[in-house]
Amino acid sequence: MKPQKSALLLAGVIISTLFIFLVFQENLKAQKPLTAQELYKKYCASCHGADGKGVEKMAKMLKAPIRDFTKITLTAELSKEWQKAIKEGKAKMPAFNKKLKEAEIDSVYNFAKAMTIPATKSESSTKKDAGGVSKDTTKATKDSSTKN
C-alpha cells in the first residue's frame, strides 16, 4: 500500500472510532439519572436560586414573589402544598408532573426542603409559612396565598 493511502485509511479509522466513542458517551449520559442537586439546578435554581434564597431578577421579570426557602419552617400542611405545587404548578410556577418522574419530584422536593429551617416539635404543629421572602428577592406582601 502507498504511504498516502495508509495515512488516509488510518485517519478514517481514527475519525470513525472517535465518532462511535462520542455517540456511546452521549448514550451513557442520557441513561444516567440526574441527582437531586442536578435536577434542582436544571429546573428550580433559575428562579429559586442555587442557595434557595430566590433570584431577584426572575421575581421582577415574572412580577411575582419568589420564596426564600432559608426563611421558612416547613410544616406538614405546607409540605403537602409544596409537593402539589411542584407537580401541578402554582401561580407563575410551572407544573413538573409531565417533565419529571414521581421519584425525581420527590428528590427535588427533599433537596429544597433541606434548605428550610428545621421544625421543632412545637413548631411543626403550629408554625406556618410567614411568607419568608428575602429583601433581596422581591418586595412581597405577607400574604402567602399568592406565593409559589
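The values are calculated or read from the model by the stated rules, or taken from the named source; none is laboratory data. All values reported here derive from a predicted model rather than from experimental measurement. Note that each Cβ is placed from the backbone with ideal geometry, even for glycine, and that neighbours are counted across all protein chains shown.
For every residue, the table says whether it meets (1) modelled with pLDDT under 90; (2) assigned by TED's automatic domain parsing to the domain that holds Ala119; (3) buried (at least 17 other Cβ atoms within 10 Å of the Cβ).
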{"site": "Leu8", "(1), (2), (3)": "yes, no, no"}
{"site": "Val13", "(1), (2), (3)": "yes, no, no"}
{"site": "Ser16", "(1), (2), (3)": "yes, no, no"}
{"site": "Val23", "(1), (2), (3)": "yes, no, no"}
{"site": "Leu28", "(1), (2), (3)": "yes, no, no"}
{"site": "Gly49", "(1), (2), (3)": "no, yes, yes"}
{"site": "Ala95", "(1), (2), (3)": "no, yes, no"}
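Does Ala76 satisfy the condition of being more than 25 Å from Thr120 (Cβ to Cβ) and not charged (D, E, K, R)?
No.
When segment 51-61 is examined, which residues are found to be assigned to a helix (DSSP H, G or I) and surrounded by 17 or more Cβ atoms within 10 Å (Cβ to Cβ)?
Within segment 51-61, Met58, Ala59 meet the criteria.
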